[in-house]
1. If Leu26 passes every condition in (1) in contact with a strand residue (DSSP E or B) (Cβ under 7 Å, 6 or more places away or on another chain); (2) open to solvent by 90 Å² or more (accessible area, probe 1.4 Å); (3) in a loop (DSSP other than H, G, I, E, B) but one, which one does it miss?
2. Within the set of pairs 6 or more residues apart or between chains, which connect a residue that is of a type in the set (A, V, I, L, M, F, W, C) inside the range 56-71 to a residue that is surrounded by 14 or more Cβ atoms within 10 Å (Cβ to Cβ) with Cβ atoms less than 6 Å apart?
3. Any residue that is polar (S, T, N, Q) and touching a residue at least 40 places away in the same chain (Cβ under 8 Å) - is there at least one of those in the range 111-129?
4. Suppose the filter is over 30 Å from Glu41 (Cβ atoms), touching a residue at least 12 places away in the same chain (Cβ under 8 Å) and over 10 Å from the mean Cα position of the chain (by Cα); does Ser158 pass it?
5. Under the condition of being in contact with a Ser or Thr (Cβ under 9 Å, 6 or more places away or on another chain) and in a strand (DSSP E or B), which residue from the range 44-77 is modelled with the lowest pLDDT?
6. In the range 81-91, is there at least one residue being closer than 23 Å to Gln57 by Cα, in contact (Cβ under 8 Å) with a residue 12 or more places away in the chain and in a strand (DSSP E or B)?
7. Of all residues in the range 114-143 being in a loop (DSSP other than H, G, I, E, B) and open to solvent by 50 Å² or more (accessible area, probe 1.4 Å), which is nearest to Phe30 (Cα to Cα)?
8. Only one residue in Asp171, Asp167 is of a type outside the set (Lys, Arg), over 16 Å from the mean Cα position of the chain (by Cα), at pLDDT below 95 and not in a loop (DSSP other than H, G, I, E, B). Which one?
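The values are calculated or read from the model by the stated rules, or taken from the named source; none is laboratory data. As the structure is a computational prediction, the values presented were derived from the model and not from experiment. In this analysis, Cβ positions are derived from the backbone assuming ideal geometry, glycine residues included, and neighbour counts consider all displayed protein chains. Please note that ligands, DNA and RNA were not included when accessible areas were found on the heavy atoms of the full protein model with its side chains. Shrake-Rupley method; radii C 1.70, N 1.55, O 1.52, S 1.80 Å.
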Amino acid sequence: ALSIASTKPVKSYSSDIVTTYPLAGLNDRFTTETPIPGTSEEVIITWFISPEQFYCQKLSSKFEMSKMMTLIQSTYCGRESIISSIDVGSPGLAKYKVDGVLYRAEVKDITNPSSFVVQFLDYGNLEIMEKNSLWDIEKRFMDLPKQAIVCSLDGIKSTNSEWARGDEGVDKFF
């Protein structure tokens with residue numbers, strides 16, 4: 001574990017009111033909402049690996065998710081990337097390279113002292129990130145459970161050890 005220990009609160013300014021929000025600590029974790037067997041839910045696929053592993057978001061959480069994402073962007077606009085402590089499982093925010101937007105993330109692996117594998121918890125995808133693309137997360141942004149739900153198609157298995165990719169594999173369907 002890398003540690004520069006600090007979970008001091010961050011001040012947020014709105015007009016003349018100063019609000020202080022505590023940061024998540026090294027051992028804080030995002031919650032996971034487990035789907036109830038036998039129920040149905042409208043979803044959207046957010047990340048696809050194979051028919052045996054893909055990620056979905058419930059459409060019923062769309063408004064709450066959008067509201068939280070807007071608040072994260074406005075709260076962290078102009079804020080320097082500061083990670084006080086990093087360990088596998090650490091919560092935080094990571095800047096997605098493709099769109100430059102901050103998303104909730106969890107450290108999955110530490111590849112070296114300045115590089116980490118993170119999973120974007122509301123979408124399911126993994127990225128290798130440099131330390132300057134990670135931010136401490138305010139605890140209030142951990143209230144909403146992880147939105148990416150790992151899924152698989154029941155009874156569907158690859159005839160080989162893994163699914164073929166590209167135009168002749170599973171990619172042709174997406």
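1. Going through (1) in contact with a strand residue (DSSP E or B) (Cβ under 7 Å, 6 or more places away or on another chain); (2) open to solvent by 90 Å² or more (accessible area, probe 1.4 Å); (3) in a loop (DSSP other than H, G, I, E, B) one by one, Leu26 breaks only (2).
2. Cys56/Val43; Cys56/Ile149; Cys56/Cys151; Met65/Gln147; Met68/Leu144
3. yes
4. Answer is no for this residue.
5. In this case the residue turns out to be Ser50.
6. yes
7. Out of the qualifying residues, it is Asp143.
8. Matching residue, one of Asp171, Asp167: Asp171.
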